[in-house]
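What follows draws every value from the coordinates through simple rules; no lab data is involved. Remember, predicted model here, so these are calculated numbers, not experimental data. In this analysis, Cβ positions are derived from the backbone assuming ideal geometry, glycine residues included, and neighbour counts consider all displayed protein chains.
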Amino acid sequence: MAEWNDTTLGEFISLQRGHDLPTTTREKGDIPVMGSFGVTGSHSVARAKGPGVTVGRSGASIGVVSYVDVDYWPLNTCLFATDFHGNNPRFAYYFLQTLDLASHNSGSAQPSLNRNYIAPIRISVPDRDTQDDIAGFLGCVDDKIELNRRMNETLESMAQAIFRDWFVDFGPTRRKMEGATDPVVILGGLIPIPEKAAPLATLFPATLGDDGLPEGWSQKSLDEIAEQEKASVKPQDAPDELFEHFSIPAFDSGKSPAMDLGETIRSNKTLIPEGAVLLSKLNPEIQRVWLPRKKDEHRQICSTEFLVYTPREPFGPAYLYSQFSERGFRNLLTGMVTGTSKSHQRVAPKALATRLVVAPDKGPVRAFEEIAASLLDRALHNQAENNTLAATRDLLMPKLMSGEVRLREAEAVA
């Protein structure tokens, strides 16, 4: 039978302030550098033995808890654990997340977390065996989330590699010009199955025109390949309706739209139609391109900081998403910003609408849409699963830590 023991945070783990490490003195290496929000780079030397836990100690990061399972360098923007006093380090990571550490700041003009202020906090923790079991369960959930995240990186990279080769570098046409006849070679090995590559290879011209584009291709303004949707909705007019709310904070915290009642949403939003792609006009050096999953019974709305585009035939959502994510297009957006404040630079929608993009023939566009849509649909499924996993973990974590829910019950819920 698990036992919970009363103690203090300082007796549970030892925390101390991190070390200064100016960017100019960092040596290239693979040792994680842990800052206030987690990994912030790498170095060639470690100052702490892993596994370890760090806690952001000031500003917006105050109380943010991170975990690292290898040796690391903790920056002075965080507190870090050097001794877990025989407790499970990963359990400590989860346990600290259930504490309101931010409320124990030093009280200065700039809120700051001082180890001496939080060490006396009274807590109750289970025995080591129970810690191991709880950490193992929550760790499995987080490992699955991380696996899905990495898989999504691969899926999106695959779609982006094909887009760039076909519609930016014009790889198939250039290889034909160089004498390639094998369909797999013409497609740069990105479609490795000959039976699938053969019909695709025929879709691409064998020469470039005087304009540098594949013969017969052209350039069109963005508003010729996609329509900006501007329909507005005032959620407070439907106070009891549950909206799927796409916002900048929701994107930044894991691409997980919030489910919000209309009465809680204070400003007008843009209505998202089926098949739309969201492109942030705010600070475009930060890549924020969002492909919403297919709508269910809830209306989808987004912050007016997002521009909402639906593709025009023959273009589709996967093509538009890939176009907005492409490095050259990102550079274009960065060069179009207006506003003097670094934190509030925006792209003007009217100016963006007139920018030229490559407009290929229908054949390659439709072929890409079919391939990329399959990849991105899998990524959307993984993201939806991650959202569910994270919500389940966050629901169960404080209950497990307090003993309100036992591990067997938590496994049944999961």
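If each residue of separation counts as 0.36 nm, what is the full-extension length gain between residue 399 and residue 294 once their alpha-carbon separation is subtracted?
Details: separation 105, 0.36 × 105 = 37.80 nm, distance 3.30 nm.
Result: 34.5 nm gained on full extension.
Once you wrap a convex hull around the alpha carbon atoms of region 104-143, what is its projected area averaged over all directions, in nm²?
Taking a quarter of the hull surface, the average projection is 4.5 nm².
Translational diffusion coefficient, Stokes-Einstein: compute it for region 333-408 using the Kirkwood radius over C-alpha pairs as Rh, at 37 °C and 0.692 mPa s, and state it as an integer in µm² s⁻¹.
Translational diffusion coefficient: 185 µm²/s.
Find how much the distance from residue 350 to residue 207 grows on full extension, using 0.36 nm per residue of separation minus their present alpha carbon separation; answer in nm with one decimal.
On the way: separation 143, 0.36 × 143 = 51.48 nm, distance 3.44 nm.
Full extension of this stretch gives 48.0 nm more.
Could you calculate the FRET efficiency of residue 8 with residue 151 from 1/(1 + (r/R0)^6), where r is the beta carbon distance between them and R0 is 45 Å, rounded to 0.05?
My answer for the efficiency is 0.60.
Expressed as a whole number of Å, what is the distance separating the alpha-carbon centroids of region 1-66 and region 383-413?
25
Quote the FRET efficiency, to the nearest 0.05, computed for residue 127 versus residue 252 with a Förster distance R0 of 41 Å and r equal to the Cβ-Cβ distance.
With a Förster radius of 41 Å, E is 0.60.
Based solely on its DSSP helices, what 222 nm [θ] is calculated for the chain when runs of n ≥ 4 H residues each add -39,500 (n - 2.57) and the sum is averaged over all residues, nearest 500 deg cm²/dmol? The partial results should precede the final answer.
Details: 14 runs with 155 residues, N = 414.
Taking each H run of at least 4 residues, the total per residue is -11500 deg cm²/dmol.
Expressed in whole Å with the largest first, what are the equivalent ellipsoid semi-axes of region 150-242 derived from the C-alpha gyration tensor as the square root of 5 times each eigenvalue?
The answer is 38, 20, 10 Å, longest axis first.
Once the other residues with Cβ under 14 Å from the Cβ of residue 411 are scored (Lys, Arg +1; Asp, Glu -1), what is the net sum?
Net of charged neighbours comes to +3.
By the gyration tensor of its Cα atoms, with a ≥ b ≥ c the square roots of the eigenvalues, what is the shape of region 155-363: rounded for a/c under 1.5, prolate for a/b over b/c, or oblate? Numbers along the way, then the final one.
Numbers: a/c = 2.54, a/b = 1.93, b/c = 1.32.
Verdict is prolate for region 155-363.
What distance in nm lies between label points placed 7 Å from Cα along the C-beta direction at residue 237 and residue 381?
Modelled inter-label distance: 3.8 nm.
Show me 75-81, 185-191 ranked by packing, highest mean number of other Cβ atoms within 10 Å first.
Most protected by this proxy first, the peptides run 75-81, 185-191.
Summing +1 for each Lys or Arg and -1 for each Asp or Glu, what net charge is found among the other residues whose Cβ lies under 12 Å from the Cβ of residue 336?
Here the count lands on +4.
Among 182, 20, 142, which one shows the highest mean-square fluctuation when the chain is modelled as a Gaussian network with alpha-carbon springs under 10 Å?
Among 182, 20, 142, the largest mean-square fluctuation in the Gaussian network model of the chain belongs to 20.
Just need the relative contact order of region 259-347 here, percent rounded to a whole number, with Cα pairs under 8 Å and 6+ apart.
Details: 122 pairs, mean separation 31.1, N = 89.
Relative contact order for region 259-347 comes out at 35 percent.
Provide the packing ranking of 308-319, 128-139, 386-397, i.e. peptides ordered by the mean count of other C-beta atoms within 10 Å per residue, highest first.
Highest-to-lowest ranking by the protection proxy: 308-319, 128-139, 386-397.
How much FRET efficiency would the formula 1/(1 + (r/R0)^6) give for residue 37 and residue 223, where r is the Cβ-Cβ distance and R0 is 51 Å, rounded to 0.05?
So, using R0 = 51 Å, E works out to roughly 0.85.
With Rg and Dmax of the Cα atoms in Å as the read-out, I listed (1) 26.7, 87; (2) 21.2, 66; (3) 25.5, 79; which label goes with the value calculated from this structure?
Correct label, based on the coordinates given: (3).
When ranked by the protection proxy of mean other Cβ atoms within 10 Å per residue, highest first, what sequence do the peptides 154-167, 51-64 form?
Order by mean packing, descending: 51-64, 154-167.
For residue 76, project a label point 7 Å along Cα to C-beta. Then give me every residue of region 3-34 with its amide nitrogen under 14 Å of that point.
Once the point is set 7 Å along Cα→Cβ of residue 76, 17-25 turn out to lie under 14 Å by backbone N, inside region 3-34.
Tell me whether region 4-126 comes out rounded, prolate or oblate; compute the Cα gyration tensor, take square roots of the eigenvalues as a ≥ b ≥ c, and use a/c under 1.5 as the rounded threshold.
Oblate, since a/c reaches 1.5 and b/c is not below a/b.
Roughly what % of DSSP beta bridges within the chain run antiparallel, to the nearest 5?
Details: 49 of 55 bridges.
Of the beta bridges lying entirely in the chain, close to 90 percent run antiparallel.
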